[in-house]
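The values are calculated or read from the model by the stated rules, or taken from the named source; none is laboratory data. For clarity, every value in this text was computed on a predicted model and none was experimentally measured. As a convention, Cβ positions derive from the backbone with ideal geometry for all residues, glycine included, and neighbour counts pool all protein chains shown. For the accessible areas, the whole protein counts, side chains as well, though only heavy atoms, and no ligand, DNA or RNA atoms are used. Shrake-Rupley method; radii C 1.70, N 1.55, O 1.52, S 1.80 Å.
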Amino acid sequence: MKPISTLALALFIGLSTPAQAASLFDDLGGLESITRFTNRLVDLTFTDPRTAHQFKHTKKERLARLLVDQLCEASGGPCRYKGVNMKKSHIKLGITEAEFNALVEQLQQAMDEEGVPFHAQNRLLAILAPMKRDIVER
Amino acid sequence: MRMMAISLTHDQVGLGMGNITNFNMGRTVRRALSVALAFLAVPTIGHADDSPPPENLFGSGKILATPGVIQVEGAGGSGLSTWAMISGYGTNRQVGGSAHHTFVTTNDFTLNATGVTIGLFDRLELSFTRQWFDTGSAGGRLGLGEGFKFNQDIVGAKVRLFGDAVYAQDTWLPQVSLGAQYKKADKGATVRAVGAADDDDIDLYLTASKILLDKSLVLSGAARLTRANQFGLLGFGGPNGGRSLQFEGSAAYLLSRHFVLGADYRTKPDNLAFAEEDDAMAAYVVWLPSKHITVTAAYTDLGKIALQGRQRGFYLSLQLGF
């Protein structure tokens with residue numbers, strides 16, 4: 001039983017450590033950090049052969065600005081996303097689940113490089129995950 | 001509620017339990033054919049600059065760790081429990097698969113299990129596993145002969161019914177799958193001699209799983225209709241009963257990108273008269289250095305087995321796949 005109770009304790013500590021008082025925006029490192037990892041994400045997205053073909057006709061700088069606003073707002077930061085909604089902006093692109101997941105992995109990599117803690121990354125991904133319904137078409 | 005389920009799970013849900021699988025199976029077959037045709041049609045030397053690269057059928061498009069590992073009977077899950085996720089890293093337009101070897105050693109026994117599991121289009125999972133249960137010196141004490149082995153083959157199938165464990169983060173609705181495991185014990189005469197009614201049978205299970213990403217937690221629970229004695233190694237049914245509904249569940253915590261900590265609990269029938277059978281549990285660490293290599297190390301307590309007292313020990317599983 002001892003390892004079980006040790007595990008239970010570890011689970012309990014693991015679940016209770018992220019300070020719920022601090023907002024996700026702060027845990028992501030604030031606007032400067034979000035801007036840096038978003039720019040890095042867009043760089044990765046435009047060069048990774050798994051996703052690059054979907055962004056051939058996209059203006060990179062504009063996309064990065066919109067994404068910073070979107071991630072900042074989603075994490076509770078003082079920004080407002082002014083782009084079109086996810087469904088409209090991805091219509092008829094025929095985005096696959098594999099392409100969507102590749103972008104998630106690029107975001108994880110960009111956040112890793114920025115030093116965003118793993119559990120804060122997951123909290124952001126939890127907010128973004130339901131967008132898959134509007135983005136993935138096949 | 002039905003409308004909600006449909007809108008929540010995007011296009012992957014049909015209109016009612018009965019025709020969900022039919023509808024999607026048909027689509028899966030069509031998809032398989034079209035992917036196969038696309039492969040034939042893809043020119044082998046270069047493609048126009050503007051056209052998308054060909055899709056990779058074996059592209060391992062799922063996110064790391066999200067399909068779980070292979071459990072002891074060969075299904076996608078964790079150590080002792082089945083999960084609703086379809087095993088392998090294939091997405092809805094890909095195929096994934098892996099081979100595993102699992103080694104369990106307890107006070108008196110060792111169990112080896114080897115098998116392959118494939119996931120088709122994130123919809124259907126097929127598996128084959130062989131288990132060797134070595135009684136060691138306990139075999140002598142039981143009058144079977146030292147080193148006597150109880151073996152079994154397990155053929156498994158699992159179909160995803162509805163839900164999305166990974167992406168439906170705005171709802172509590174889990175991913176739900178239905179599975180079956182056909183098990184055939186190889187020592188028919190011996191398992192009958194210890195009281196089992198049969199040497200083969202089918203376990204049916206309904207499993208529901210959810211990744212709570214904002215808590216980095218995976219929860220899973222399954223109901224299993226079974227009469228397997230010690231997972232089927234000691235045959236099926238017996239003087240104390242036949243099929244009953246049993247439970248298996250897991251909680252796993254995503255420690256980091258490459259490490260998962262978790263625990264399983266599984267109840268089992270107690271059908272044989274000669275020896276009492278207990279519930280089993282395991283606490284494990286999974287290391288996922290990449291999508292192609294997964295190592296599970298566990299401490300396990302399988303309860304009393306064949307009059308030899310409580311069996312506690314270690315569980316190690318290596319999985320290679322895509």
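Please give the number of the condition A:Asp26 fails out of (1) modelled with pLDDT of 95 or more; (2) closer than 30 Å to B:Leu261 by Cα; (3) open to solvent by less than 60 Å² (accessible area, probe 1.4 Å).
Just one mismatch for A:Asp26, condition (3).
So how many residues does the stretch A:52-66 have that are loosely packed, with under 11 Cβ neighbours inside 10 Å and more than 18 Å from the chain's Cα centre (by Cα)?
Residues in the stretch A:52-66 being loosely packed, with under 11 Cβ neighbours inside 10 Å and more than 18 Å from the chain's Cα centre (by Cα): 3 in total.
Could you list, in sequence order, the residues of the stretch B:123-147 that are in a helix (DSSP H, G or I) and among the hydroxyl-bearing types (Ser, Thr, Tyr)?
Passing the criteria: only B:Ser137.
Hey, any hits in the stretch B:301-313 for a residue that's charged (D, E, K, R) and within 20 Å of the chain's Cα centre (by Cα)?
Yes, because at least one residue in the stretch B:301-313 is charged (D, E, K, R) and within 20 Å of the chain's Cα centre (by Cα).
Looking at B:Ala297, B:Ala196, B:Ala273, which is the one that is open to solvent by 20 Å² or more (accessible area, probe 1.4 Å), away from chain A (no Cβ under 14 Å) and touching a residue at least 12 places away in the same chain (Cβ under 8 Å)?
Exactly one residue qualifies, and that residue is B:Ala273.
Among the residues that make up the stretch B:181-188, is at least one of them without any contact (Cβ under 8 Å) to a residue 24 or more places away in the chain, open to solvent by less than 10 Å² (accessible area, probe 1.4 Å) and either touching a Lys or Arg at 6+ places or on another chain (Cβ under 9 Å) or among the aliphatic types (A, V, I, L, M) (or both)?
There is no residue in the stretch B:181-188 that is without any contact (Cβ under 8 Å) to a residue 24 or more places away in the chain, open to solvent by less than 10 Å² (accessible area, probe 1.4 Å) and either touching a Lys or Arg at 6+ places or on another chain (Cβ under 9 Å) or among the aliphatic types (A, V, I, L, M) (or both).
Condition first: open to solvent by less than 10 Å² (accessible area, probe 1.4 Å), touching a residue at least 40 places away in the same chain (Cβ under 8 Å) and within 25 Å of A:Ile95 (Cβ to Cβ). Can you find one or more residues in the stretch B:103-121 that meet it?
Scanning the stretch B:103-121 turns up at least one residue that is open to solvent by less than 10 Å² (accessible area, probe 1.4 Å), touching a residue at least 40 places away in the same chain (Cβ under 8 Å) and within 25 Å of A:Ile95 (Cβ to Cβ).
Name the residues in the stretch B:146-175 that are on the phi > 0 side of the Ramachandran plot and either open to solvent by 10 Å² or more (accessible area, probe 1.4 Å) or of a type in the set (Ser, Thr, Tyr) (or both), would you?
The one that is on the phi > 0 side of the Ramachandran plot and either open to solvent by 10 Å² or more (accessible area, probe 1.4 Å) or of a type in the set (Ser, Thr, Tyr) (or both): B:Gly147.
Could you list, in sequence order, the residues of the stretch B:209-237 that are closer than 18 Å to B:Ala275 by Cα and open to solvent by 20 Å² or more (accessible area, probe 1.4 Å)?
Once the filter is applied, which keeps residues that are closer than 18 Å to B:Ala275 by Cα and open to solvent by 20 Å² or more (accessible area, probe 1.4 Å), the stretch B:209-237 yields B:Arg227, B:Phe231.
Which of (1) closer than 19 Å to A:Met131 by Cα; (2) modelled with pLDDT of 95 or more; (3) open to solvent by 50 Å² or more (accessible area, probe 1.4 Å) does A:Arg40 not meet, given it meets every other one?
(1)
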